[in-house]
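I have a structure I would like to understand better, so I am pasting it below and will then ask my questions one at a time.
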Amino acid sequence: MSVQGKLTLLCDAKTDGSFLVHHFLSFYLKANCKVCLVALIQSFSHYNIVGQKLGVSLTAARERGQLVVLEGLKSGVDVFFRPREEPHPLQFLREANAGDLQPLYAFVRDALQPVDSGEAAWRCPVLLVDDLSVLLSLGVGPVAVLDFVHYCRATVCQEWKGNVVCLVHDSGDTEDEESDVLLNGLSHQSHLILRAEGLATGFCKDVHGQLRILWRRPLQPTTHRDRSLTYQYKIQDKSVSFFAKGMSPAVL
Amino acid sequence: MLESLLAVGGLMLLRDSVEWEGRSLLKALVKKSALRGEQVHVLGCEVSEEEFREGFDSNINSRLVYHDLFRDPLSWSKPGKALPGGPLEALRALDKRTVSGPATIALDSLSWLLHHLPCPTLCQTLHALSRQDSCPGDTPPGEQVRVLGLLHEELHGPGPLGALSSLAQTEVTLSGMMGQASAQILCRRPRQRPTHQTQWFSILPDFSLELQAEPPLESQPRSDPHTPSVDPTTHLTFNLHLSKKEREAKDSLTLPFQFSSEKQQALLRPGLGQATSHIFYEPDAYDDLDQEDPDDDLDV
């Protein structure tokens, strides 16, 4: 695994980019990495079912300690029933003014901390967040989310040479200032941006969308053209097929 | 003009965007300052010290002092690795460090500082830092302090951007076209008119600045060497190829409506060797065979 210490930003516009999250989850589990999944959108069983189609068992991974999951939908409710002294990763749900995401960062740090134990160590730690845009809807400010990602980058990427993968939604034409600040701020922090876009002409049965790949860092000064690629894709039951623009087998 | 940017003191804003990043230009200017023998202080908020120093040789790295606000800017870690006093104190401390001699302070980035400090406080601190309260005539050019601030344009509203812009002596806005980066430079000198200039440039891997001429306006269609050319006929369910025999037969075929010399001769000699066509008709029981011309009773 040559790519280490990188922040990959997954972004979707007018389409659903969650297939990328499932891909990276199964990819890193198969690569024997220690994975922390902050799942704020779907339940654990959803990721498990999709993971099985892609060839990994999340339940087994969790049991052997390779996978740590924060199930936002379930544990979000716990915040209100736990005694106040115990900090909860989603503590901000309880605050009147959603402050910062330090408890969530502490959870990630504790989950991925390299442990010096006798057993075989996992490969580099990986943090997957699905997704960051929902935090804005829950009342967290964009700067607080950017700070959380900053700290994850400093600890997981820089210190432990692991990877961070986050999904964020592009609000597009709707003038959502907070969402734009979050997306642009994350783009500036990222090494690699994968942008799934719906086709400009609308929904199509055979071409589900377009994927733009943009490398931003490290700063090897190269021309803009060398740094980005575009493919179109179709999502199938157990895989995704990619092809060059206009070259879908269905339209030839 | 890009070369002479460092001749003037004061605040210089490097305005970049997601598409045209400005950190490499910031590093190129830092390298230039270091090579001139100046002290360079970098307040690093967005990238680690390791990443910022990457690409610089040891000569430059020895002149560069990195103040690390990246690892723990908000004191979340225990034990704390933060700079004491947080971002504001770290910024103010730079003022005291550059007391003697010409110096360059690089702020990477002003956007981060703007997100974490109130805008008026930041502006006041920048004003003090770039020695703008003393008249330009008092400080000899050799003692000037330059402050280079990297600013990500899309992250801020017009208010803070306008406030920083009014503080700056120089503004460099990064953009580009067709893979070539350009800098729009706006210089404000006291008692002079602001000057605009556009400079095309590129940054070499060792972070030296290379000025370039403006690229030609017509866009050449470029075949992308990285994308392998895809043959569209590979996955079809029908055959689009011709064998050699088929190709020969196709080439020797005379088209029915093509007026060749043979056709012309055949038309000029009718009936020669041409069999006329016959129609064989078996009338049904219901057919009414009337030999008269149906148009006879017309009075035309």
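Calculate how many DSSP beta bridges within chain A are antiparallel, expressed in % of all such bridges and rounded to the nearest 5.
If we restrict to bridges inside chain A, about 35 percent are antiparallel.
Ranked by Cβ crowding within 10 angstrom, fewest neighbours first, how are B:LYS245, A:LYS53 ordered?
Exposure proxy ranking, most exposed first: B:LYS245, A:LYS53.
Provide B:ASP293, B:ASP72, A:ASP16 in ascending order of the number of other Cβ atoms located within 10 Å of each residue's Cβ, fewest first.
B:ASP293, A:ASP16, B:ASP72
For B:GLU50 and B:SER208 in one chain, what is 0.36 nm times their gap in residues minus the Cα-Cα distance, to one decimal in nm?
55.0 nm
Here's something else I'd like to know. Where both residues lie in the protein assembly as shown, what percent of DSSP beta bridges are antiparallel, nearest 5?
The antiparallel fraction comes to roughly 40 percent.
Continuing with this model, one more query. In the structure displayed, which of A:LYS6/A:LYS238; A:LYS14/A:LYS238; A:LYS161/A:LYS234; B:LYS31/B:LYS96; A:LYS74/A:LYS238 lie more than 31 Å apart, Cα to Cα?
Pairs exceeding 31 Å: A:LYS161/A:LYS234.
Over the Cα atoms of segment B:1-132, what Rg and Dmax result, in angstrom?
Rg then Dmax for segment B:1-132, in Å: 14.6, 47.
Report P(r) for chain A: all Cα-Cα distances, bin width 10 Å, range 0 to the bin holding the largest distance, values in whole percent.
7, 29, 36, 22, 6, 1, 0
While we're on this one: Can you compute the charge dipole magnitude of segment B:47-90 about its Cα centre, using +1 on each Lys and Arg Cβ and -1 on each Asp and Glu Cβ, nothing else charged? Give it in debye, rounded to the nearest 20.
Here segment B:47-90 has a charge dipole of around 180 debye.
Can you give the FRET efficiency for A:GLU63 and B:LEU88, using 1/(1 + (r/R0)^6), R0 = 41 Å, r = Cβ-Cβ distance, to the nearest 0.05?
Taking R0 as 41 Å, the efficiency between A:GLU63 and B:LEU88 is 0.30.
Shifting gears a bit: Placing +1 on the Cβ of each Lys and Arg and -1 on the Cβ of each Asp and Glu in segment B:1-129, which of B:TRP112, B:ALA28, B:VAL8 has its Cα farthest towards the positive end of the resulting dipole?
B:VAL8
Ok, one more. So how much slack lies between B:MET177 and B:HIS241, counting 0.36 nm per residue of separation and subtracting their Cα-Cα distance, in nm?
18.9 nm
Then there's this: How large is the dipole of the protein assembly as shown about the Cα centre if only Lys and Arg carry +1 and Asp and Glu carry -1, each at its Cβ, rounded to the nearest 20 debye?
The dipole of the protein assembly as shown has a size of about 3920 debye.
With the Cα gyration tensor of segment A:121-165 giving a ≥ b ≥ c as the square roots of its eigenvalues, does the rule (a/c under 1.5 for rounded; else a/b larger than b/c for prolate; else oblate) give rounded, prolate or oblate?
oblate
Per residue of segment B:27-34, in order, report the coupling 6.51 cos²θ - 1.76 cosθ + 1.60 (Karplus, θ = phi - 60°) as ³J(HN,Hα) in whole Hz, putting x for Gly and Pro.
Result, ordered by residue: 5, 5, 5, 4, 4, 4, 4, 5 Hz.
Using the Cα gyration tensor of segment A:136-223, with a ≥ b ≥ c the square roots of its eigenvalues, what is the shape: rounded (a/c below 1.5), prolate (a/b larger than b/c) or oblate (neither)?
Judged from the Cα gyration tensor, segment A:136-223 comes out oblate (a/c at least 1.5, b/c at or above a/b).
While we're looking at this one, here's another question. Rounded to the nearest 20 Debye, what is the dipole magnitude of chain A about its Cα centre when Lys and Arg each give +1 and Asp and Glu each give -1 at the C-beta?
Approximately 1080 debye in magnitude.
State which stretch of chain A is the longest one without any exposed GluC sites (Glu not before Pro), exposure meaning a DSSP loop state and at most 14 other Cβ atoms within 10 Å.
The segment A:1-84 is the longest one with no such site.
At A:GLN52 and B:HIS278, where each label point lies 7 Å from the Cα along Cα→Cβ, what is the point-to-point distance in nanometres?
In this crude spin-label approximation the distance works out to 7.9 nm.
Here is a further query. Only sites in a loop by DSSP and with at most 15 other Cβ atoms within 10 Å count here; which GluC sites (Glu not before Pro) in segment B:32-85 make the cut?
Sites meeting the loop and neighbour criteria: B:GLU54.
Which trypsin sites (Lys or Arg not before Pro) from segment B:6-107 combine a DSSP loop assignment with at most 15 other Cβ atoms within 10 Å?
Loop-located and lightly packed - B:ARG36, B:LYS81.
Could you work out [θ]222 nm for the protein assembly as shown from helices alone, using -39500 (n - 2.57) per DSSP H run of at least four and dividing by all its residues? Round to the nearest 500 deg cm²/dmol.
Value at 222 nm, helices only, nearest 500: -8500 deg cm²/dmol.
Same structure, new question: Taking the Cα centre of chain A as the origin and placing charges on Cβ (Lys, Arg +1; Asp, Glu -1), which of A:LEU135, A:LEU9, A:ALA39 is farthest toward the positive end of the dipole?
The one lying farthest along the dipole's positive direction is A:LEU9.
What is the fewest-to-most order of B:LEU242, B:LEU167 by other Cβ atoms lying within 10 Å of their Cβ?
B:LEU242, B:LEU167
A short reminder: the numbers here are calculations on the coordinates, not readings from a lab. Bear in mind the structure is a predicted one, so any value in this text is a computation, not a measurement. Note: ideal-geometry Cβ built from the backbone for every residue, glycine included; neighbour counts use all protein chains shown.
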